[in-house]
Number of protein chains: 2
Amino acid sequence: MTLSEEDYIKVIYHLGKNENGTVSTNAIADRMETKPSSVTDMVRKLSEKGFVNYKKYKGVSLTEIGTKTALTLVRKHRLWEVFLVEKLNFPWDEVHEVAEQLEHIKSEKLVDKLDKHLDYPEVDPHGDPIPSKNGAFKKSIKKLMNEIPIGANGVCVGVKDSSPPFLKFLDKNNIALGDSILILDKEEFDESLHIRINGSDIHISSQIASNLYLRITE
Amino acid sequence: MTLSEEDYIKVIYHLGKNENGTVSTNAIADRMETKPSSVTDMVRKLSEKGFVNYKKYKGVSLTEIGTKTALTLVRKHRLWEVFLVEKLNFPWDEVHEVAEQLEHIKSEKLVDKLDKHLDYPEVDPHGDPIPSKNGAFKKSIKKLMNEIPIGANGVCVGVKDSSPPFLKFLDKNNIALGDSILILDKEEFDESLHIRINGSDIHISSQIASNLYLRITE
DNA sequence: ACAAATTTTTAGTTTTATCTAAATTTTTAT
DNA sequence: ATAAAAATTTAGATAAAACTAAAAATTTGT
């Protein structure tokens, strides 16, 4: 199997965003199911082309242009996922593989028109944010939550990235993101969560609750 | 540039459908902007894999499975072109290059769902027919025209494949395929065509007329 | 701080695609 | 029918990607 520069850039992006942005040769090799020596070769090439910063034995990180390239790929991937689910009625859990191919189609105009066709979505079907054309993400959920004014006993609930089970749960209960959610019984949080959404009470299992961000006034 | 098996199969299909189906090494090389010796190598490979019949010095033709593969590619290409024009509002003359990439996406389910989403179109934006899933074309325009009953002085007009200028002309004059067209002055056919469409008279230049199929009662 | 373990790079090999140039086969023209 | 021209294949060269095994650098544990 022959891996493309874009495949490498994407992996470096995804591995790098957890830490300080520097990724090891072996980590890349493991993720891509290739050999470290092959990674060294490719990383040299990417460095010569200006996509990564590379110092021997010291790992790789994306340059500004490398990051831009990665974000464009993420944007394309997630827009295509929205298309597959919303327009073609694919199930959520089947879109990744196809989007993995579609993201490599080269046409800026196509992406712009797709974005418009989908009415400029901000998240993909898994709840992950879609970077804007210039590579900016919407503020993260955590940041947004911190900006919402909540009262003395207030609670703010957000949904973590990549939580299909919880999104399915919301869907089933006719709850859309942005609805006001009030936690009634904070005490029982370990087992289940008793909350009031849109005026009706619902119990949430702790497993699903683990997919939530909570911000509670001190 | 590294050419794929699919690229070769497509070219053999398109070159072969004019003649008896057998295509020469040089014709392929010319079309693909590669060298005849490279074609020989690839054709051997395709032959081993069962996509083509190949006898040294005697040219290549597609096997049944090769033809099926080619038709699937044509189907995908044309469906994507419909999508680009009808859903994303691309201009007709810009879709080919993008469809050339999209046709290589591998997912049978995607093609089925795209077909449904587009409401099972029978022609692409250039008027070329879209093969069905099992590889069958609708009857050709010529065949259809021969089945239409026309009177003593009747004329039947069809649009040839790949004639964007004429389609643009039709569009501009609010003429849809299937409208009845009556040729008034057959005599002047060499320079321009004087026809009556939907009750109003129109002159067609001979250049545009060259994109028409005509069937005139003897 | 240092030896052992781990990680990463280097050197050289293999595989694959494509090319050039020469050899072979087929076609064309008289 | 045969010589010349054209088309096609073969043989060998080049380039790129990925591998194996050995060498070098870094990190870890005491």
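The values are calculated or read from the model by the stated rules, or taken from the named source; none is laboratory data. From a predicted model like this one, the values you see are computed outputs, not experimental measurements. In this analysis, Cβ positions are derived from the backbone assuming ideal geometry, glycine residues included, and neighbour counts consider all displayed protein chains. Note: accessible area is taken over every heavy atom of the protein model, side chains too, but ligands, DNA and RNA are not part of it. Shrake-Rupley method; radii C 1.70, N 1.55, O 1.52, S 1.80 Å.
Some notes on this structure:
- Restraint check, A:Lys113/B:Lys10; A:Lys68/A:Lys133; A:Lys87/B:Lys87; A:Lys76/A:Lys109, Cα-Cα greater than 21 Å: A:Lys113/B:Lys10
- Restricting the stretch A:9-73 to trypsin sites (Lys or Arg not before Pro) that sit in a DSSP loop and have at most 11 other Cβ atoms within 10 Å of their own Cβ leaves A:Lys55, A:Lys56, A:Lys58.
- For the stretch A:99-118, heavy-atom accessible area (probe 1.4 Å) falls by no less than 50 Å² from the chain alone to the full protein assembly at A:Gln101, A:Ile105, A:Lys109, A:Leu110, A:Lys113, A:His117.
- Copies compared at A:Asp112 - label distances in nm, ascending, label defined 7 Å from Cα in the Cβ direction: 3.6
- Contour minus Cα-Cα distance for B:Lys133 and B:Ser4 (0.36 nm per residue): 44.2 nm
- The stretch B:30-139, accessible area per residue, ligands and nucleic acids excluded (1.4 Å, Å²): 54 Å²
- Relative contact order of the stretch B:1-42, defined on C-alpha pairs under 8 angstrom at six or more residues apart (%): 30 percent
- For the stretch A:14-77, the alpha-carbon radius of gyration amounts to 1.06 times the rule-of-thumb value 2.2 N^0.38 Å expected for a compact globular protein.
- What you get for the stretch B:5-62, charging only the Cβ of Lys and Arg (+1) and of Asp and Glu (-1), is a dipole of about 240 debye around the Cα centre.
- Between chain B and chain A, the total buried accessible area stands at approximately 1700 Å², from heavy atoms with a 1.4 Å probe.
- Spin-label zone in the stretch B:66-98 - amide nitrogen under 13 Å from a point set 7 Å from the Cα of B:Asp119 along the C-beta vector: B:86-87
- Alpha-carbon centroids, the stretch A:56-87 and the stretch B:60-82: separation in whole Å: 31 Å
- Here each label is just a point 7 Å from Cα along the line to Cβ, and for A:Ser38 and A:Lys109 those points are 3.6 nm apart.
- Accessible surface ranking for A:Thr69, B:Thr72, B:Thr2, 1.4 angstrom probe, highest first: B:Thr2, B:Thr72, A:Thr69.
- Comparing the full protein assembly with the isolated chain (1.4 Å probe, heavy atoms, ligands and nucleic acids excluded), the residues of the stretch A:46-88 losing at least 50 square angstrom of accessible area are A:Leu88.
- Using a 7 Å Cα-to-Cβ projection, B:Lys35 label spacings across copies, nm, ascending: 2.9
- Nonpolar atom fraction for the stretch B:55-117, defined as the carbon and sulfur part of the 1.4 Å probe accessible area, stands at 51 percent.
- Here is the size of the stretch A:1-131 from its Cα atoms: Rg then Dmax, 15.6, 47 Å.
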